[in-house]
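All remarks here apply to the structure that follows.
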Amino acid sequence: MTFPKNFLWGGAVAANQCEGAYREKGKGLSIIDVLPNGVHSTPTDTVEEDVYYPSHGAVDFYHRFKEDLAYMKELNFNVFRTSIAWTRIYPTGMEEEPNEEGLKFYDQLLDEIINNGMTPLVTISHFDTPLYLSQKYNGWESRELIPLFEKYCRTVFNRYRDKVKYWIVFNEINNVHTMPYAAAAIREDKAENEAESLRMRYQAAHHMFVANAIAVKMGHEIIADSQIGCMLSFSGIYPNSCDPRDVFRTLELEQRSYFFADVMMNGAYPYYAEKLLGNTFSQLEILEEDLNLISSYTNDYVSLSYYRSTTIKDGMMTTGHTGGIKGIDNPFLGNTPWGWQIDPLGLRVVLNKLYDRYGKKLFIVENGLGAADEVVVENGEKRIQDPYRIDYIRDHIQAMAGAIEDGVEVLGYTYWGPFDIVSAGTGEMKKRYGFVYIDKDNEGNGTLERIKKDSFDWMKKVVASNGTNLS
Ligand code: BG6
């Protein structure tokens, strides 16, 4: 099994799930700062005193990033994905001038990543739009967000032009459909009916497509060798049976995700847009100049998160959350403790499908196993035994290698949550992904001590061998 020589191995986090320090040095409130139990819970209107909000302290990466990045270096990682919190740079999104203290923080963070031998991979917007923009404009439903985002992008591209080559504009943009508050800062409960909610979500998506095109244009102008990616949640979906109706319904649901990348990678709304959105499509405000931008500035690569797969039966109701669409469990697969079905071969399927469709390099920027790891004390030493995590990663790396052998170009693999962070879906700490355990619980108690898990040493060897030593 041979990975390309310059294959990027690393870890991925998001500012709002690890940094904490939610009001430090002028940071404004983001949509996540009023969510008590993750992206599916109902936001409070403002920060309430008697409510615990996990993002406020998170795992204190803001103050401890040197320690955490030293672990990443020890893992031999050569890339590290994190996001910039928009509200550290523009606290409400409306300011004319950026917050210098926020910019300085990311100067230090990016320098530390680079000094530890890693290439930064930076997400510009990862589920943390300024709360002010959500409340004033209902988030991306409004065209007003485009110039505000453009201003933010210009600031970070200019400031970090010598530090960052790899960028992702919006995290999991296709979650605008299933998680509109997190992905697009929309209060869906403002819609009077399902048709209005659909219109809101896809109007927001359209504004984000335009903003994405502007970011691609500007990124290329400011940073000559930059690579600006789009990012999809793309866990696998299979027909529940060979009944052609199940097969067709599965195709339709896949189109719901492809839709987003089709616009950003092919530069035009796909042929099935009207079918997918019905009357809603003609109700969207789509200007000719928007379409020109979208067609002229497409992304350089497709990045994706892949965690699991599910099966689809015609006529069934599906739900969606951080792991992707949830249908009926597949009897051939096992589950994580959070009910996510483990399907390594599904990753090979998804990589082939995306490469076949777009013919552009792919970047797996999230994959991982969330589990309720336990600390045991052995000979006076704290230890976390997580063989299930090793199994999960090994099998997914093998599947990724298989896709590369199939001819798919894969730029790299960043494991999600290489040190424990707050779960986006539920706001829990108990759902742990890391190679490094962090002592904090769901209620916010704990010393924040960092402890290596058994998977740490295993992963270190995997990366050192460029993915060949998986034993
Ligand atoms: C992705 C998100 O949807 O899934 C991450 O980009 C998130 O922010 C990850 O953390 C895993 O989901 P969860 O709910 O287990 O944290």
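The values are calculated or read from the model by the stated rules, or taken from the named source; none is laboratory data. All figures in this text were calculated on a predicted structure; none of them were measured in a lab. Glycine also receives a Cβ, built like all others from the backbone with ideal geometry; neighbour counts cover every protein chain displayed. Just so you know, the surface numbers come from the protein's heavy atoms only, side chains and all, with ligands and any DNA or RNA stripped out. Shrake-Rupley method; radii C 1.70, N 1.55, O 1.52, S 1.80 Å.
Per-structure values
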| quantity | calculated |
| --- | --- |
| Scattering curve values for segment 8-464, log₁₀ I(q)/I(0), Debye with Cα scatterers, q = 0.07, 0.09 Å⁻¹ | -0.32, -0.54 |
| Under the Debye formula (equal points on every Cα, no solvent term), log10 I(q)/I(0) of segment 63-175 at q = 0.21 Å⁻¹ | -1.16 |
| Two-site FRET efficiency, Asp356 against Tyr272, from Cβ-Cβ distance with R₀ of 25 Å, rounded to 0.05 | 0.90 |
| Other-chain or far-sequence residues with amide H under 5 Å of Arg432's (modelled H) | Ala371, Ala372, Asp373 |
| Among the listed pairs Lys217/Lys460; Lys25/Lys326; Lys326/Lys430, those beyond 32 Å (Cα-Cα) | Lys217/Lys460; Lys25/Lys326 |
| Accessible area in square angstrom per residue, segment 8-464, 1.4 angstrom probe | 37 |
| For segment 8-464, with +1 on Lys and Arg beta carbons and -1 on Asp and Glu, the positive-most of Asn266, Ala85, Phe105 along the dipole | Asn266 |
| Within segment 307-326, backbone nitrogen closer than 13 Å to the virtual label 7 Å beyond the Cα of Phe248 toward Cβ | 314-315 |
| Full-stretch length increase - Asp111, Ala464 - with 0.36 nm per residue and alpha-carbon distance subtracted | 124.8 nm |
| Over 22 Å between alpha carbons, listed pairs Lys104/Lys165; Lys27/Lys136; Lys5/Lys431; Lys136/Lys190; Lys431/Lys461 | Lys5/Lys431; Lys431/Lys461 |
| Separation in nanometres of the label points that stand 7 Å from Cα toward Cβ, at Asp457 and Val51 | 4.5 |
| Low-density loop cleavage sites - GluC sites (Glu not before Pro) in segment 94-157, where at most 10 other Cβ are within 10 Å (DSSP) | Glu96 |
| Alpha carbon Rg of segment 253-352, scaled by the compact-globule rule 2.2 N^0.38 Å | 1.31 |
| Virtual spin-label span in nm between Asp391 and Ala224, 7 Å along Cα→Cβ | 5.1 |
| Where labels lie 7 Å past Cα in the beta-carbon direction, separation of Asp439 and Glu96 in nm | 5.0 |
| Of all accessible heavy-atom area on the chain, the percent that carbon and sulfur account for (1.4 Å) | 48 |
| 11 Å cut-off, amide nitrogen to a point 7 angstrom out along Arg383 Cα→Cβ, residues in segment 427-471 | 454 |
